[in-house]
Amino acid sequence: QLDPELDRKTRAKREQLTAGLEKLHEMAQRADGLNEQVQNVRVAAEGWKQKIESEQRLQKRLEEELEVARTTVEDAQSTIDSGHVRIRELTDETAMFQEQLVAQQEILGQAKAQLDAKRQEKERLTTLWDSESDKIRKLERQISPLTNRRNELDNELARLDGSLAYLVSDFADNFPMERLENLMDQEDYRERFGDAQKAERDEVMQDLGSLRSDYNPNAIHEHEETLERHTQLAAQFKDLEKAVADLEKAVLNITEQSRERFLASFAGISERFSTLFPRLFGGGTAQLRLGDGDPLETGVDILVQLPGKRMQAMELLSGGEKAMTAIALLFSLFLFRPSPLCVLDEVDAPLDEANVDKYNALLREMSRTTQFLVITHNRRTMEAMDRLVGVTMDEPGCSSVYAVNLEKNR
């Protein structure tokens, strides 16, 4: 009986031991699961710790940016206040300039009317000059046959002189003076031919003697024709002199007006150039100066003084400085007299990035009144444009055009 009992207890202990081992195994598995959960919690905690640190850094950066934004807002508010003041000043200046513009437009209208009148007068004088020139050429063509006619008349006169000499000689041979004198001395004719007739006879004989050398039966008629022709030519010559004087006067008037307008335009362009140059270069001065002599014939000197340098001629500047100076002068011309369209072919090629930004800012400002067609390879300049048109050659001999509207994308 003891053995079965012992065996029963042994089996019970074994079952308990087996259950304990299973429970221990189960507890070990649970411990492993708990360790894994702890590890996951640790990893998650480390991630949350890093995230918290990142959020703290982000919060700090945002606070710094907020502080910068506050400072920027304050500066912007100050700028806005200054802008309002400047706007009021510009409004007053605009009103004043508007009044001046109206006055200048009236003066310009009067000047245009005077210019039109002068142009018409010039055209009239030019037409008159051409007409008088044609008349002179016609007179010259008429003089040539008259000269030939004069030579013919001289030849005819020589022939008539010969005939007259022959007639006088024949008359003298057939009617000698001795016979005429004897006839007049005869008693039958003495009463008929007194001293007066004898004196008249002597005078006629003297005239006949002079006719032997100089005789022209058409002299009176030719003299009248020549006198009439001389009167006409003198009148025409006087008209020509008056036309030449009027033309010279018109030329002097036009030259004087051109000189005045050139000097006025030069002063306006020089003033704008002196204002625009320091804006592009961040300082310095520049001026345009006329050479000696007549302003319409002399040259123009460009003198510039870059920031921190002495004043010098434009020829002594570098390539980029020359380009910026030329841009300042070009835009000064546009500010003085805006044009609806301007083509710029790789003007920004010699410029560095800083100067390209200034160039683009000035282009954006000038585009309010002028449409610019810019040819460039600079990316910064392309970014500043409203519309891009690109030409590429996908295949040899075949070009393609692509257009992008950047203003719409903005």
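Only the coordinates and a few stated rules stand behind these numbers; no lab work does. Just so you know, these numbers come straight off a predicted model, no measurement behind them. Every residue, glycine as well, gets a Cβ built from its backbone with ideal geometry; the counts of neighbours run over all protein chains shown.
Treating each Cα of the range 1-70 as an identical point scatterer and summing with the Debye formula, the log10 of I(q)/I(0) at q = 0.21, 0.23, 0.24 Å⁻¹ comes to -0.90, -0.94, -0.97. Around A323, what is the net charge, scoring Lys/Arg as +1 and Asp/Glu as -1 over all other residues with Cβ under 13 Å from its Cβ? With Lys, Arg at +1 and Asp, Glu at -1, the neighbours total -3. Each eigenvalue of the Cα gyration tensor of the range 1-137, multiplied by 5 and square-rooted, gives one semi-axis; in descending order these are 116, 26, 9 Å.
As a rough guide to protection, the peptides 380-388, 47-55 ranked by mean Cβ packing within 10 Å, highest first, stand as 380-388, 47-55. For the range 338-410, with equal point scatterers placed on the C-alpha atoms only and solvent neglected, what are the log10 I(q)/I(0) values from the Debye formula at q = 0.14, 0.16, 0.28 1/Å, to two decimals? Taken in order of the listed q values, log10 I(q)/I(0) reads -0.50, -0.64, -1.37.
Take each peptide in 107-120, 268-281, count the other Cβ atoms within 10 Å of every residue, and average; sorted highest first, the result is 268-281, 107-120. Using only alpha-carbon positions in the range 211-349, the gyration tensor eigenvalues give semi-axes of 65, 16, 13 Å once each is multiplied by 5 and square-rooted (largest first).
Measuring between alpha carbons in the structure, the pairs from K118/K249; K138/K249; K118/K138 lying more than 23 angstrom apart are K138/K249; K118/K138.
The local environment of T370, defined by Cβ-Cβ distances under 14 Å, has a net charge of +1 under the rule Lys, Arg +1 and Asp, Glu -1.
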